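A quick write-up on the structure given underneath.
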Amino acid sequence: MKLHDLRPAPGSHKRKTRVGRGIAAGKGKTAGRGTKGQKARAGGSIPAWFEGGQTPLHQRIPKLRGFKNPFKIEYEVVNVGAIASLVELGVLEIGEMPGAKKSKAAAPAPITVNQEILRAAGLVRSLDKPMKILGSGELSTALFVVADRVSASARAKIEAAGGSVSLLEIPTKPLAAIGVEAKPESEAEVAPAPEAAPAPEAAPAPEAAPAPEADVAAESATAAAPKTARPKGRAKAPRAAAAAAGDAAEAEVPAGESAPAADVEPREVAQLPADAADTTDNATDIATPDA
C-alpha cells in the first residue's frame with residue numbers, strides 16, 4: 001500500500017451536477033427548470049411567505065388588544081360547595097386538631113382543609129399557585145381552612161358553620177427571630193430623640209457708667225428750649241439793600257433840584273507817631289540810593 005493507492009470510500013464524495021452542458025449530460029437545455037414561467041427565469045425565486053397576491057395570513061388574523069399584566073396573580077380556585085361535597089362523600093374525614101386535649105364532652109374538631117389535602121383529593125391541580133376559597137355553594141360542616149385568600153362570602157359561610165379561617169401571609173419586612181419578642185411598631189419606627197446639650201450661660205452685661213452732672217444739665221436745657229422757626233428764603237445782601245434804597249431816594253427828588261447829601265460818617269484817620277514818620281523817610285532813602 002502506497003500513498004498514491006489511497007482512495008476515499010465509495011460514495012463519500014459526489015461531484016456537483018453541471019447543468020446546461022448539452023442533452024447528453026442529462027441537465028442540458030432547460031437545466032431542470034421546466035419550460036418557461038417565473039421560476040424558469042434567472043432571479044425568479046419567490047419568498048416562502050408569498051401567497052400569490054392574496055391577503056397574507058399576518059393581515060387576515062385579528063391582533064391582540066390591550067396588554068398582559070406581568071403582576072397578575074393566578075389562583076387555584078376552590079368553592080365551598082365542592083369542599084362540602086367531598087365531606088359528604090367521606091373523602092375528607094373529621095379529625096382532631098394537633099395539640100388539642102382530648103375530652104369526651106367536647107364537640108368534634110373541625111375538618112382541616114389546606115392545599116395539600118385538596119391536591120390529594122383532586123380539587124387542586126398544582127401546588128405552585130396560591131389557593132383561593134370562594135363562596136359558591138352551601139356548607140354545614142365545621143372546617144378549619146388554611147388558604148392564601150378567602151372571599152368575604154366564603155368566610156361568612158365557614159364561620160356560620162362553626163369553622164375558622166387562617167390566611168397564609170408572606171412577610172413584607174424582616175421578622176424577629178424565634179424566642180425574641182418583637183417590638184411594637186410605634187416603638188420600632190419612632191427613634192428616641194437625642195438629648196439637647198445645655199445652652200451656655202450668657203455673661204452678665206457690663207454696667208453703664210453714670211453720665212456727669214454737667215452733661216445732664218446741658219441736655220435738659222437743650223430739650224427745654226423752644227425751637228425758633230427758620231425764615232424761608234435767603235436774606236438779601238446789605239449792598240443790594242443799600243442800592244435799592246438809593247434808587248428810591250433819587251426817584252423822590254423833583255427835576256432840577258439836587259439831591260441832599262447823604263449823611264456819611266467821617267472815617268477816622270489813624271495818625272502815626274513822629275518816630276514812625278522818620279523811620280518811613282529813612283527807609284525811603286535807603287530804598288532809593290543816589291545815582
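Treating each Cα of the range 11-79 as one equal point scatterer and applying the Debye formula with no solvent, the log10 of I(q)/I(0) at q = 0.20, 0.27 Å⁻¹ comes out as -1.00, -1.20. Average projection, convex hull of the Cα set of the range 107-156: 3.9 square nanometres.
Rounded to the nearest 20 debye, what is the charge dipole size of the range 1-62 about its Cα centre when +1 sits on each Lys and Arg Cβ and -1 on each Asp and Glu Cβ? With only Lys, Arg, Asp and Glu charged at Cβ, the dipole is about 380 debye. For a modelled paramagnetic label at Asp128, 7 Å from Cα along Cα-to-Cβ, the residues of the range 59-76 in reach, with backbone nitrogen under 16 Å, are 72-76. Place a +1 charge on the Cβ of each Lys and Arg in the range 119-168 and a -1 charge on the Cβ of each Asp and Glu, then give the dipole magnitude about the Cα centre in debye, rounded to the nearest 20. In total the dipole reaches around 160 debye. With K and R counted +1 and D and E -1, the other residues having a Cβ less than 10 Å from that of Leu127 yield a net charge of 0. Among the listed pairs Lys14/Lys36; Lys16/Lys39; Lys129/Lys183; Lys68/Lys129, those with a Cα-Cα distance over 23 Å are Lys14/Lys36; Lys129/Lys183.
Close amide-amide hydrogen proximity is noted between Ser136 and Val80, Gly81, each under 5 Å apart and 5 or more residues distant or on a separate chain (H modeled in the peptide plane; Pro and chain starts excluded). Taking the Cα centre of the range 24-89 as origin and assigning +1 to Lys and Arg Cβ atoms and -1 to Asp and Glu Cβ atoms, the resulting dipole is close to 1080 debye. Selection among Tyr75, Ile61, Gly44 by position relative to the dipole of the range 1-77 gives Gly44 as farthest towards the positive end (Cβ unit charges, Cα centre). Here each label is just a point 7 Å from Cα along the line to Cβ, and for Glu116 and Lys29 those points are 8.1 nm apart. The distance between label points at Ala48 and Leu167 comes to 5.3 nm (points 7 Å beyond Cα on the Cα→Cβ vector).
Between the listed residues Leu168, Val145, Ile158, the Cα displaced farthest toward the positive end of the dipole of the range 138-177, a dipole computed from Cβ unit charges relative to the Cα centre, is found at Leu168. Note on Ala177 and Ala156: their simple-model spin labels are 4.7 nm apart, each label 7 Å out from Cα toward Cβ.
Its relative contact order, with pairs defined as Cα atoms under 8 Å and 6+ residues apart, puts the range 104-173 at 30 percent. Between His4 and Ser140, the contour length at 0.36 nm per residue exceeds the Cα-Cα span by 39.4 nm.
No value in this document is a laboratory result; all are computed from the given coordinates. Keep in mind the model is a prediction, meaning the values are calculated, not measured. No Cβ is skipped: glycine too gets one built from the backbone with ideal geometry, and neighbour counts run over all protein chains shown.
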